[in-house]
Amino acid sequence: MGEGNASFVLGSGPVAVLLIHGLTGTPTELRRVAQGLAKRGYTVYVPTLAGHCGDNADLQATGWKDWYESARKAFVGIRQRHAQVFVGGLSMGAVMSMHMAAEHPGQIAGLLLYSTTLRYDGWNMPKAAVLTPLLMAIPFGVHLCRFNETSPYGIKDKRLRAIVERQMKAGESSSAGLLTMSGVNVRELHRLVAVVKREMPSVTTPALVLHSIEDDITSRWNADYVEKHLGGKVTKVLLDNCYHMITVDLQYRKVITLSADFIDNLTEQLPLQAVPLNDRRQLA
């Protein structure tokens, strides 16, 4: 399930939830939500995307199709063990979730879209970020772009922010992700977003869209766009008192509650046996 040893599986319920982390991110950013959903009776799978949890060279050696393939393989394995699977993710992981729903129509019970990132337009993003698509269009423009993460790192919780900042600066990428994002990686995200925007109208899977009104990386425009363009029913909830990383920030408990309630409302309780622990470990 993904690459490296950062992936994890929690819970033992018949209904599965696949959660996908963001670009330059790590499965750790989804652990709190995964724990909460596991307590509500679901089996939660969080894979590591290709090229992640290493250094920038590892990430730049891969593209969005490699990242997506990591999640897709996990989904295929999960579908062999569970009749009902929900798919969701944070930031780029939310974008990948929609792509997966487009590629696997009728196989995903619902989407959990957290801080969907179609463009970097939050209040803490440099003004030059809006010029990124133009730079990508010129020869060698991709090499002119490089983004460094700066405080508050998507986290309003000051205590947690200090911990994450220390881990990132210490190079603990498997726990806190990377401090920098190259133009090559941004270009790959743009390519993924372009594909998903074309696919959105055909995605009829019910979706829960959660986004912070204070998001420092991606404004609520992103959530509004998803609401307007997805082909299925969308339940959108705007959160306060948190920034981009809503799965770990001050409102993560609300994220868990809203997500579990959404799943409960869509789930048909089927008489399926839980997968033995040993079998589930083979996926990791």
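The values are calculated or read from the model by the stated rules, or taken from the named source; none is laboratory data. In this text, all values refer to a predicted model and were calculated from it rather than measured experimentally. Because the Cβ atoms are built from the backbone with ideal geometry, glycine has one as well, and the counts that use them run over all protein chains shown.
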What is the one condition in (1) surrounded by fewer than 24 Cβ atoms within 10 Å (Cβ to Cβ); (2) in contact with a helix residue (DSSP H, G or I) (Cβ under 8 Å, 6 or more places away or on another chain); (3) under 16 Å from SER7 (Cβ atoms) that ALA71 does not satisfy? (1)
ARG119 versus (1) surrounded by fewer than 24 Cβ atoms within 10 Å (Cβ to Cβ); (2) over 16 Å from the mean Cα position of the chain (by Cα); (3) at pLDDT below 95: which is the lone unmet condition? (2)
For segment 6-18, give me each residue that is touching a Phe, Trp or Tyr at 6+ places or on another chain (Cβ under 7 Å), under 19 Å from GLY110 (Cβ atoms) and of a type in the set (A, V, I, L, M). VAL15, ALA16, VAL17, LEU18
Any residue in segment 56-80 that is in contact (Cβ under 8 Å) with a residue 60 or more places away in the chain sitting within a Cβ distance under 6 Å of a residue that is among the charged types (D, E, K, R) and surrounded by fewer than 18 Cβ atoms within 10 Å (Cβ to Cβ)? List the pairs, counting only those 6 or more apart or interchain. TRP64/ARG191
Test SER219 against the criterion of being polar (S, T, N, Q), in a helix (DSSP H, G or I) and under 25 Å from ARG161 (Cβ atoms), and give yes or no. no
Which strands (runs of 3 or more DSSP E) does segment 145-216 wholly contain that include 1 or more residues that are at pLDDT below 75 and surrounded by fewer than 17 Cβ atoms within 10 Å (Cβ to Cβ)? 146-148, 180-182
Given the criteria within 15 Å of TYR120 (Cβ to Cβ), outside any helix (DSSP H, G or I), of a type in the set (Val, Ile, Thr) and within 17 Å of the chain's Cα centre (by Cα), does ILE246 qualify? no
Would you mind finding the one in GLY93, GLY89, GLY13, GLY2 that is at pLDDT below 95 and crowded, with 24+ Cβ neighbours inside 10 Å? GLY2
If I filter segment 7-14 for residues that are closer than 21 Å to ARG191 by Cα, over 15 Å from the mean Cα position of the chain (by Cα) and not in a helix (DSSP H, G or I), do I get at least one hit? no
Please go through segment 228-243 and give me each residue that is without any contact (Cβ under 8 Å) to a residue 40 or more places away in the chain, crowded, with 16+ Cβ neighbours inside 10 Å and closer than 18 Å to ASP121 by Cα, ordered by number. LEU239
